[in-house]
Ligand SMILES: Cc1cc2nc3c(=O)[nH]c(=O)nc-3n(C[C@H](O)[C@H](O)[C@H](O)COP(=O)(O)O)c2cc1C
């Protein structure tokens, strides 16, 4: 059993989110109480071709452990080779395989959620990765199925368990659903009850009440929080506090939230990311929009963030926003 599930622990994972859950963002989530983290997904073939951007993406700090690196691909050999390289160079606590991504560029490679249409091959890929890194646990992340007529989570769960995966995260939506609509928690609950390995439930968790309800209604061994953490990484702190004391702490003030965003930006710019080597912050605008979502007046801020190029612009947007609300 992976150590973070032992003794009735109920780990909260930060869901991997490409372009958002970078090393700096993860550090903040960890400080707020996220228990287990996974890197953004990286293509196995490109990793073995030494694509420097991908090696930046899979970097993590010691404080972020237990830490998984997530890979995707459809070729058992290259997936195994990528896993071996990652283990040799980075010694992650686990390798996670992505069988859930619905993006066209991933589906055309027959990878991500496309593999849910071919459970046999999905099993071969999983087995190849497990055998390639015998001393490192391998976990798997899936969706419930391709569409409502092909819900395969249970079948796939049994396959990956037999191939040696040590945990299964299930995003309770189908590929066709994308990120819309309700997550199918009854399916997640059913698979969690069937399998011997821990099942991590995922989909629309945005409050401590939701965590408590799912804990009561399912035998999930842990939960994974995605978009709710993007705009409000303090969600981990809030949930942990609620579970311990039954109350949610005061939310950070708007100036505190802006200070966090500006500090985050400075830290990103100080890292050797390829994008960060340019002082222009345009590439970070989607991150700013995600981080300000849910703030009072966030629609208006979004417009202003569209014009941010330099850190001084960002500071001006923050000051104007605080001034507007008398903060
Ligand atoms: C922008 C974005 C990027 C994502 N990138 C990944 C990824 O790299 N790997 C992965 O397994 N899932 C990825 N996901 C899916 C999330 O990990 C998660 O399964 C999904 O958002 C559902 O959880 P939520 O309802 O809490 O957001 C991504 C989701 C979003 C919104």
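Its residue count N fixes a reference of 2.2 N^0.38 Å for region 1-111, and the Cα radius of gyration divided by that reference is 1.06.
Axis of helix 311-324 versus longest Cα principal axis of the chain: the two differ by about 70°, to the nearest ten degrees. Cβ-Cβ distance of residue 89 and residue 262, R₀ of 41 Å, FRET efficiency by 1/(1 + (r/R0)^6): the value works out to about 0.80.
Going by how many other beta carbons lie within 10 Å of each one, how would you line up 242, 232, 179, fewest first?
Numbers: 242 17, 232 22, 179 12.
Ordered by Cβ neighbours within 10 Å, fewest first: 179, 242, 232.
As an exercise, use a Förster radius of 30 Å and the Cβ-Cβ distance of residue 300 and residue 278 to find the FRET efficiency, rounded to the nearest 0.05. Mind showing how you got there, number by number?
Numbers: r = 27 Å, r/R0 = 0.91.
It comes to 0.65.
Each stretch of four or more DSSP H residues adds -39500 (n - 2.57); spread over every residue of the chain, this sum gives -13000 deg cm²/dmol at 222 nm. Axis angle, to the nearest 10 degrees, between helix 76-90 and the longest C-alpha principal axis of the chain: 50 degrees. Extension gain, residue 50-residue 207: 0.36 nm per intervening residue step, less the Cα-Cα distance, totals 52.5 nm. Taking the longest Cα principal axis of the chain as reference, the axis of helix 153-162 is set at about 70 degrees.
Summarising the label geometry, the points placed 7 Å from Cα in the beta-carbon direction at residue 59 and residue 285 lie 2.6 nm from one another. Each part reduced to its alpha carbon centroid, region 199-267 and region 291-314 end up 22 Å apart. Remark: the chain is approximated by an ellipsoid whose semi-axes, taken from the C-alpha gyration tensor as √(5λ), come to 33, 24, 18 Å, largest first. Note on residue 325 and residue 131: their simple-model spin labels are 5.6 nm apart, each label 7 Å out from Cα toward Cβ.
Fewest neighbouring Cβ atoms within 10 Å first, the residues 241, 278, 321, 171 line up as 278, 241, 321, 171.
Label separation (residue 241 vs residue 155): 4.6 nm, computed from points 7 Å beyond Cα along the C-beta direction. Consider all pairwise Cα distances in region 254-324 and report the whole-number % of them above 20 Å. For region 254-324, the fraction of Cα-Cα distances above 20 Å is 21 percent. Cα-based values for region 162-315, radius of gyration first and Dmax second, are 18.9, 54 Å.
Just so you know, all these numbers are worked out from the coordinates, no wet-lab data involved. None of the values given here were measured: they were computed from a predicted structure. Positions of Cβ are backbone-derived with ideal geometry, glycine not excepted, and every protein chain shown enters the neighbour counts.
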